[in-house]
Amino acid sequence: MKNLTLITMMTTVINGLILAGGKSSRMGSDKSLITFHGKPQREYLFEILTPLCEKVCMSYKKFDQDIPSWLNPIADQYEIESPLNGIMSAFNYDSNVAWLSVPVDMPLINTNIISHLIANRDASKVATCFFDSDGKNPEPLFALWEPSSFTLIKKFFTEGKISPRDFLKQSEIKVIPIPDKRALTNINSPDELKKFISGSEGNF
């Protein structure tokens, strides 16, 4: 029975989740619409996630963004300013699948990096993720969240906690080195965007 349960867990469907529900206050405009790869970033992520996931959805704030229906939008359902909002809202949408979350402000994430995360998945854990750019803590936004995490996340939330990194740090997870740390580069302001586009990291 234990082996059968493990097999069932390992075959759990993976959905993709583009995390784009932030305020973009530092950028001053919707980060999901920035063009890095010849198209808006949200469309690029949708395109590369689609072959690797059963379904791809995009999280967004209820009143701040106009999302095309083909991006399968999931509105944030909680009154908190945290990416945990998008993750919990995705599980409310479907709690029987694993959710592979990808932030919209990391332009160097590509198919190979996503495939590496999936290949190293441990469905017996709460989540599988990479170490962050410092190599010390889990990177919470680019992560594969198992269905088993949802109950624990809700308990974490009811305790008044909203940091997805703190949740991962206290949970039983699998953390792996990322093949290329540049993939974790995030762009949050016009100045960072200008430097990125003009620098070597802007050569995709």
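Every number in this text was worked out from the coordinates using simple rules, so none of it is lab data. Note that the coordinates shown come from a computational prediction; the quantities given were computed from them, not determined experimentally. Cβ: placed from backbone, ideal geometry, glycine included. Neighbour counts: every protein chain shown.
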Hydrodynamic radius of the chain per Kirkwood, over alpha carbon pairs, in Å: 17.2 Å
Fraction in percent of alpha-carbon pairs per bin - 10 Å, segment 24-118: 14, 50, 33, 3
Sequence-separation-based contact order of the chain, relative, with Cα cut under 8 Å and 6+ spacing, percent: 23 percent
Amide H contacts of ILE74 (H built 1.01 Å from N, under 5 Å, at least 5 apart or other chain): MET58, SER59, TYR60
Charge tally in the Cβ shell below 15 Å around SER95, where Lys, Arg are +1 and Asp, Glu are -1, SER95 excluded: 0
Exceeding the 24 Å Cα-Cα cut-off - candidates LYS161/LYS194; LYS125/LYS155; LYS55/LYS125; LYS136/LYS181; LYS62/LYS161: LYS161/LYS194
Proximal charge balance of ARG121 [Cβ under 12 Å; K/R count +1, D/E count -1]: 0
Cβ-based net charge around GLY16, under 14 Å, with every Lys or Arg adding one and every Asp or Glu removing one: -1
